[in-house]
1. Dipole of the chain, Cα-centred, from +1 at each Lys and Arg C-beta and -1 at each Asp and Glu C-beta, to the nearest 20 debye?
2. Can you tell me how much longer the chain between residue 48 and residue 36 gets when fully stretched, taken as 0.36 nm per residue apart minus their C-alpha distance, in nm with one decimal?
3. Once you have the Kirkwood Rh of the chain from its Cα pairs, apply Stokes-Einstein at 10 °C and 1.306 mPa s and quote D in µm²/s.
4. Taking the 0 to 90 degree range and rounding to the nearest ten, how far is the long axis of helix 3-76 tilted relative to the main principal axis of the chain, both from C-alpha atoms?
5. With each run of n ≥ 4 DSSP H residues scored as -39500 (n - 2.57), what mean residue ellipticity at 222 nm is computed for the chain after dividing by its residue count and rounding to the nearest 500 deg cm²/dmol?
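Nothing in this text is a laboratory measurement; each read-out follows from the coordinates by a stated rule. Keep in mind it's a predicted model, so treat the numbers as computed, not measured. Please note: Cβ atoms are built from the backbone with ideal geometry, for glycine as well, and neighbour counts cover all protein chains shown.
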Amino acid sequence: MSQSARLAVAQSNEKGTERDEALAEVRQLIIDLRDAAQDGRDLARRYADVLQNVVDEYCIEFEKRAEAALARLEAAA
């Protein structure tokens, strides 16, 4: 095999290796992005649950206070 043919084969192998590495990197990036998106969805759900619980708690407390204030007004009338 001539030197130029060996050089062409070596360059072809190098390009193939670079391509394989780039594909592996893209695959890993896709996996990382999917994981990050899932983590973000999970976090959003947890915060939504916390916020819902806080709103429920304040609404219940407000309702109790409003009922007590209404009872005082009715008693004073």
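1. Values: 11 positive and 16 negative charges, 65 e Å.
Charge dipole of the chain: 320 debye, to the nearest 20.
2. Values: separation 12, 0.36 × 12 = 4.32 nm, distance 1.80 nm.
Fully extending the segment from residue 48 to residue 36 adds 2.5 nm.
3. Details: Rh = 18.8 Å.
It comes out at roughly 85 µm²/s.
4. Here the helix axis deviates by roughly 0 degrees.
5. It lands at -36500 deg cm²/dmol.
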